[in-house]
Every structure is written in structure tokens, then in C-alpha cells.
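*Asks:* Please read through the structure below; I'll follow up with questions.
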Amino acid sequence: MDERIVKAYESRPKDWIWQLAIAVIVIGLLIWSLGAMETSGASANGGKMAINILNGIVHPDQELLFNLTKEGVPYLLVETICIAFMGTVVGAIFSIPLAFLSASNLTPKPVAFIGRILIMIIRTVPAFVYGLMFIRVTGPGPFAGLMTMSVTSIGMVSKMYIEAIEDLDTKILESLDAMGCSTWQKILHGILPQLMPNFASTAIYRFDINLRDATVLGLVGAGGIGAPLIFAMNAYRWNEAGSILIGLVVLVLIVEWISTKIRVKLTRG
Amino acid sequence: MSIYDKIFPPKKYTLDNGKTVEQKRSRAPIYVILVLLMSYVSIRVTGFDPATLAKRGNQFFVILSRMFPPEYGYFSNIVNPILDTVKMSLLGSALGSIICLPFAMLASTNICKNRIVVAAMRLIFSIVRTLPTLVSALIATFIFGLGTIAGTTAIAIFSFSYIGKIMYEEIETVDMGAFEAMEAMGFNRTEAFIHAIVPQVMPAFLSNSLYNFEGNVRYAAVLGYVGAGGIGLILNEQLGWREYPNVGMILLVLFVTVFIIESVSRYARKKLV
């Protein structure tokens, strides 16, 4: 009995050389990347700064937090939600044709490949570059932010859409064919019910992310809560930054909670 | 029977054998109305106007067209920043994913029986995750000064929350048999965790960490904007000077880098799972 166990143990897969090689490579890469760590050296009073920041966040500017005019946190949050919502909707609409073009089960290989490269290119360009481009179109303000959000959403949303389209169960279409359905009926009863929950779930998920990323837009003056936040931080007004941050965190937590509920419901049908 | 079914009674079908079946009315109209309503409010608040888009849409391509052809001679100035970006993301992702492990362990209900600790850990993960990376990068530049350390910190913070959340969910779904057996044999919890749980969650951990690293390379490009080092720094600079051919070259290099890293990491992730 014992011998057999020992034998089985001896003949266990031995891939330690492989594992060692990977470990050496990974550790080597990490050491290599340590070489790039540098700072301008302004860290002498870093500790004091950290305490100031924490202090400001713990003692938020209450007036700003509950101010209902256009400068107050509540209005800025509403504006941010609107930018993220409409940006997601527009982005999701842009993504649908792109996804159908790049789904390898619908279009010929070369077309699908070009579509995928295009999506990757769209994904790689950082948001503030788009922001600058759209400001030329719409002028600074929430509209530019909305368009930037929509373009930055395309990458992830269309990627998930492609997966949904490629997972389509074609047997349903065959059986609808056998029943003599027209193309329109096939789309309506065979394709849409399969895609809709997935598409909606992806869009809601992206809305979450957009809400969180909306601060990036503030950098280029494209509206939302980002600009006041960054101004407040650059001017060391930590109480103001604290109240904006608290508003943002609470909002994102609430939206995330709701969206998770909706998405669970969508996937379970 | 909900209120909706009372207002719009279900459709009734009588079958051949005399039985009736009910088909509930579709809920779609509610969702459509809700989405339309929110769109209306959003359009009012943001000033979204398709007409402007149609009229001035060509302006979008003005900067884009000036990026072509990219200035290939600028490449030598890009090499270092792009390597910095990769290094920042690599180190930040590694730090974040390793530091989050003990916290993830304490945040999973099957390992940590103390409910208050679990709730506290999860709250920490949630709050850190909602903190925009740009904001943590900006704070880091105030504390550590301008440079790659600030960017690395921001990436580490993001990775911490992202991997942490995935890991505690992963840990909660493992097979607890081996863990219990080891505890029964007299190992303490940490030892049992290392030998019984870690091997089970290892592939998921590595695969998610790689995925996180992939995303961070792309994200690190933004961080330079607040002075946190890497390619964003020169990108911002060249945009400011309106040297669009140089910007085109930077974006091209960024794209190729992201493409290579994604391909390698996708291959590795396929091997892992």
C-alpha cells in the first residue's frame, strides 16, 4: 500500500524547471522595473502633506457638500451621472455595428480582423486626447465630456458585444428556419432575445466604470466633477476636495450596488 | 402578482384540452420609458446636440489627420518614457496584487469567521476601488513628488482593490475539504490557507493579475497628465505644443506596446487556465 503511494508520488508531474524559469523571468522583470523608480525629490514634507490630505478628507467642506446651486456637489454629481449615462448610451450605439462587423462568425476573417484592430486602436488612445479632439467640435463643457466617454466606452463594450454575438446559439435560427420564419422574424425572435440581456448588462457595467472614470474629463475641461476636484487639489483646498471625493465615492457605491442587482436579474432571466 | 400585472393583465391562451395558460406582459415598456426619461434629462443637462455633431464633426478629424504621417524621428525620445510606463505598471500591479492577498483572505467568509472583520475589509476594498486612479495619482505626487513612484503607487492602489475583490470572491468558492483536513491535522489557519487554498486559487490569481497588468499599461498612459511619470508626460507636453506628428508617433508606439503585451499575456493566460 505505502509503496504504491510512494510510487504515485514519485511519478508526479515534475515541471519545476519550467516554474523556476518563469519565476526567474518574473523576478528579473520586477528588478528591471525597480530601475525606473524616481521622483523629483519634493517628498521632504510628504508626511505632513499626507496628514493634511487626510485631515481635509475627514473634515469635508459641508457647505459645498449640501449646496444645491450649480457650484455645489449635488449638481456636479448629477451632471457627472448625465455625462456618464448619455456617454454610455452613445458608446453602446456606436459599438453595435462595430461588433457585428468584427464578429468572426458573421463576417469574413479579414473584415473581422480589421474591425478588431480598429477597436484596439480606439481603446489605446488615452481619454484626454479624445477630450481635446472633441472640444474642437463642441467647445468645452459637458457635451465634449459626453462624446469622450462614448468613444472610450467603445473599446470594452464592443469587445463584450463581439463575445455575445459569437456565442449566439445558431440552432435556434435553424429551427426558426425550419418553421418557415422570415429573416425579420428570425432576428426578432431568434437573435434579439439572446443578445438583449447581454448587451444591456454590458452597458450597465460600463456605466459604472464611466462614472468612476469621469474625473479624467476634468483634465481637459470637458465638464463633470473632475475639474472642480482637480482644481481644489492643486490649490491644496483639501476640505473642498474631501467633500467632492466623499460625494463621488458614495454615488459610485450606490450606483454599483443598484447595477449589480440589475445585472444579476438580467443574467438569471 | 405584482402591480404591473394588475394594470396590464397577462394574456390568456386556452389550450385544446381546455386549460388556460397565462403569458405575462413584457416589462420592456417600463425599461424603455425609464431609459428615454433618463436620456431626456441627460440631454438637457449636458447640452447634447446631434446637429452640432453632424455640422462640426469634421473638426474631430483635424487633429487626427495632422498626426499622419507620424514623426518617426521622434522615436528615440519615446523609448525611455514608454519603458517607464511599462515598468510602472509592472511594479505597481505586482505590488498591489501581492499586498491585497492577506486582506482578501480576511474578507472571505469561509476563512475568516469574524463578521466585523469581513465587513470592514470589504468596505475598504469598495472604497479604494471607487477612488479614481487619477485622484490617487495626484495625491501620490503631492506625497512622493513628481515622478514614476507616484504613478506606481496609484497603480498599486488600483490593483490592490481590483485583484482583492476578485480574489475574495474566488477564495469563497474553493473546495474547503482540504483546508478542514489540514486544520484537523493540527496546522494553524495560515499554514492551512497556504497549502490548501493557495494552490486552488493560484491559476485565477495569476490570470487576473496578468489581465490587470494589461489594463494598467493602457491606464498608466493617462497618469503622466498629473505628473506621475511615463508616456503621459511627453504626450501631454507634445499635445500642448501642438506637435501632432510627434503625438501620432507616441500613440503608435503606445499601441504597438499594448498590442505586444496583450498578446503575450493572453497566451500566458490561456496556458494557465
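*Asks:* Decide, for segment B:72-272, between rounded, prolate and oblate: order the square roots of the alpha carbon gyration tensor eigenvalues as a ≥ b ≥ c, take rounded if a/c falls under 1.5, and otherwise choose prolate if a/b is larger than b/c, else oblate.
*Replies:* Cα axes put segment B:72-272 in the prolate bin.
*Asks:* Quick check on the exposure proxy: order A:192, A:76 from fewest to most C-beta atoms within 10 angstrom.
*Replies:* Neighbour counts put them in this order, fewest first: A:192, A:76.
*Asks:* Which residue, B:259, B:103, B:160, has the most motion in a Gaussian network model of chain B that connects Cα atoms within less than 10 Å?
*Replies:* Between B:259, B:103, B:160, it is B:259 that shows the largest mean-square fluctuation.
*Asks:* Report the label-to-label distance for residue A:34 and residue A:58 in nanometres (one decimal), using points 7 Å from each Cα along the Cα→Cβ vector.
*Replies:* Simple spin-label model gives 3.4 nm for this pair.
*Asks:* Distance from the Cα centre of segment B:1-45 to that of segment A:20-36, in angstrom?
*Replies:* One Cα centre to the other: 58 Å.
*Asks:* Under 17 Å between alpha carbons, and skipping anything fewer than 8 positions from residue B:12 in its own chain: which aspartates and glutamates qualify?
*Replies:* Output for residue B:12: B:22.
*Asks:* Are there GluC sites (Glu not before Pro) in segment A:54-162 that DSSP marks as loop and that have at most 13 other Cβ atoms within 10 Å, and which are they?
*Replies:* Sparse-neighbourhood loop GluC sites (Glu not before Pro): A:71.
*Asks:* Shape verdict for the protein assembly as shown, please, from the Cα gyration tensor: rounded (a/c under 1.5), prolate (a/b greater than b/c) or oblate.
*Replies:* Note, shape of the protein assembly as shown comes out rounded.
*Asks:* Another question, then. At a Cα cut-off below 29 Å, give the lysines reachable from residue A:7, other chains included and same-chain residues fewer than 8 away excluded.
*Replies:* By straight Cα distance, residue A:7 reaches B:271.
*Asks:* Compute the normalised compactness of segment B:1-134: alpha-carbon radius of gyration over 2.2 N^0.38 Å, N being the residue count.
*Replies:* The reported ratio for this selection is 2.00.
*Asks:* Next up: Counting C-alpha atoms alone, how compact is segment A:115-261: give Rg to one decimal and Dmax as a whole number, in angstrom.
*Replies:* Values for segment A:115-261 (Cα only, Rg and Dmax): 20.2, 70 Å.
*Asks:* Multiply the residue separation of residue B:72 and residue B:17 by 0.36 nm, subtract the distance between their alpha-carbon atoms, and state the gained length in nm to one decimal.
*Replies:* Result: 12.0 nm gained on full extension.
*Asks:* Do any trypsin sites (Lys or Arg not before Pro) in segment B:19-108 lie in a loop, going by DSSP, with at most 10 other beta-carbon atoms within 10 Å of their beta carbon, and if so which?
*Replies:* B:19
*Asks:* May I pose another question? With helices defined as uninterrupted DSSP H runs, which ones in chain A have an alpha carbon span along their own long axis of at least 24 Å and mean Kyte-Doolittle hydropathy of at least 0.5?
*Replies:* A:16-34, A:73-102, A:142-166, A:238-268
*Asks:* Would you list, by chain and number, the lysines whose Cα falls below 18 Å from the Cα of residue A:48, excluding same-chain residues fewer than 8 positions away?
*Replies:* List returned: none.
*Asks:* Please give the FRET efficiency for residue B:190 paired with residue B:119, using the beta carbon to beta carbon distance and R0 = 22 Å, rounded to the nearest 0.05.
*Replies:* About 0.55, to the nearest 0.05.
*Asks:* If you don't mind, there's one more thing I want to ask. Which distance in Å, rounded to a whole number, links the C-alpha centroids of segment A:103-156 and segment B:130-146?
*Replies:* The distance from the Cα centre of segment A:103-156 to that of segment B:130-146 comes to 26 Å.
*Asks:* Give the distance, in whole Å, between the Cα centre of segment B:220-273 and the Cα centre of segment A:191-269.
*Replies:* Centre-to-centre distance over Cα atoms comes out at 24 Å.
*Asks:* Given an 8 Å cut-off on Cα distances and at least 6 residues of separation, report the relative contact order of segment A:59-268 as a percent.
*Replies:* 30 percent.
Readers should treat all values here as calculations from the given coordinates under stated rules, not as data from a laboratory. The structure displayed is predicted, hence computed values, not measured ones. Counting neighbours? That spans all protein chains shown, and the Cβs are built from the backbone with ideal geometry, glycine included.
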